[in-house]
1. Can you name the residue in segment 83-142 that is basic (K, R) and at pLDDT 95 or above and is also surrounded by the most Cβ atoms within 10 Å (Cβ to Cβ) among such residues?
2. So, I257, is that one in contact (Cβ under 8 Å) with a residue 60 or more places away in the chain and of a type in the set (A, V, I, L, M, F, W, C) or not?
3. Name the single residue that is nearest to F97 (Cα to Cα) among those in segment 143-185 being acidic (D, E) and either within 25 Å of the chain's Cα centre (by Cα) or modelled with pLDDT of 90 or more (or both).
4. Of (1) out of contact with any helix residue (DSSP H, G or I) (no Cβ under 7 Å at 6 or more places or on another chain); (2) crowded, with 17+ Cβ neighbours inside 10 Å; (3) farther than 24 Å from F154 by Cα; (4) not basic (K, R), L270 satisfies all except one. Which?
5. Of all residues in segment 283-304, count the ones that are crowded, with 17+ Cβ neighbours inside 10 Å and assigned to a loop (DSSP other than H, G, I, E, B).
6. For T250, all conditions in the list (1) assigned to a loop (DSSP other than H, G, I, E, B); (2) in contact with a Leu (Cβ under 6 Å, 6 or more places away or on another chain); (3) under 18 Å from V204 (Cβ atoms) hold save one; what is the number of the exception?
7. On the given criteria, is I328 touching a residue at least 40 places away in the same chain (Cβ under 8 Å), farther than 26 Å from T189 by Cα and under 17 Å from the mean Cα position of the chain (by Cα)?
8. Would you be able to say whether some residue in segment 233-242 is under 27 Å from F319 (Cα atoms), of a type in the set (D, E, K, R) and in a strand (DSSP E or B)?
Amino acid sequence: MFMKPLLCIATVCMICAACSSDTAKNKTAEAPKTYAVINKKSINSVSVSLDGKWLIIGGEDKKIRILNAANGESVWVSDEQPDAVLSAAISPDGKYFAATCGDNTQNTAQVVVYDMQTKAEVWGKKGQTNNIQLVKFAADGKSIVVANHFSIAFYETQTGKQLHYFSGHAADVAAPYGHVDAVTAICFTNDASKIVSVGWDKNVKVWDLKAGHEIKNFPEADAINACLLSPDANKIITAGAGDLHVWNRTTDRTDTIVSYEDEIKCMVSLSDDQYFVTGDMSGSIVLWRTSDYARLTEIRKAHHLGAWSMDVFPDGRHFVSTGGDGSIIVWSLDYLLQNKPAADSADVYKSEK
């Protein structure tokens, strides 16, 4: 006699729960935030602080800027640097930041480390002749790695004391080691005793910091601009002027080649390495799935003059990209996942065992 009302109540509860679930699934993801264009000049580099509060950018206007990551407001601007700022980074503990510059034609290249709180210069290596393409802090923040044409050097963060130096050389010099052109990206392995470097000389190199020399080299057919490591550090994903390559450090072979139609300039991992994102010269932002290198989402011409740099926020689900048009865009992974499908699925070639 009382079963029907109870059944009705149960049914209503089930319907409400289903509606609630559908609402959660269909919830609109956070839309990208585009910050004010700065001088409409290319922003060559962006770095996110470990607490996610600050962005450090540098570019063709020859200035280093610290922005509030939440609203894009500029909170500090450096004096004009000797040349275009090529790379910028923030230490993991948030105490220091660093920037490099140069134009490869004069003695204007330099790397300088600053105190984050006071903005005072801590130390610098100035008057260099080759572009200093890259600066990056080690995971423990105690050292930074600096790369230019040919060479890679490690310095103590607080003092500037040189810790390691890996020499390269010009292409016309016969030598069995080192890069012969600009070093464009570096990855640290899990044990921190080895690093991976890539460059315009079309080579992927693995270096042993303790031994002090190169231990592996993987040659490619095209210049390389970016690299990532798999969670176990056994695979190296590279991207640049040609296809994406996945190198297996155990077999010393290419596991996978993924066709791509444009030059990729930057690349970061998201959400515990389940996904990665690339930015290319056409300005497109592409989301990939790491497990099978499937192209999931493509936002065409997000930056009108190319996507030049990107970095990930601490939550692993947001990242920032900068472009040749001076634009800065903060993205959420959920937004990209909801904007499926990708325009054109890429061809993925698996190597035979």
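The values are calculated or read from the model by the stated rules, or taken from the named source; none is laboratory data. Model, not experiment: these values are computed from the prediction. As a convention, Cβ positions derive from the backbone with ideal geometry for all residues, glycine included, and neighbour counts pool all protein chains shown.
1. K136
2. yes
3. So the residue we want is E156.
4. Here L270 meets the rest and fails (1).
5. Of the residues in that region, 6 qualify.
6. Just one mismatch for T250, condition (2).
7. So I328 passes the test.
8. yes
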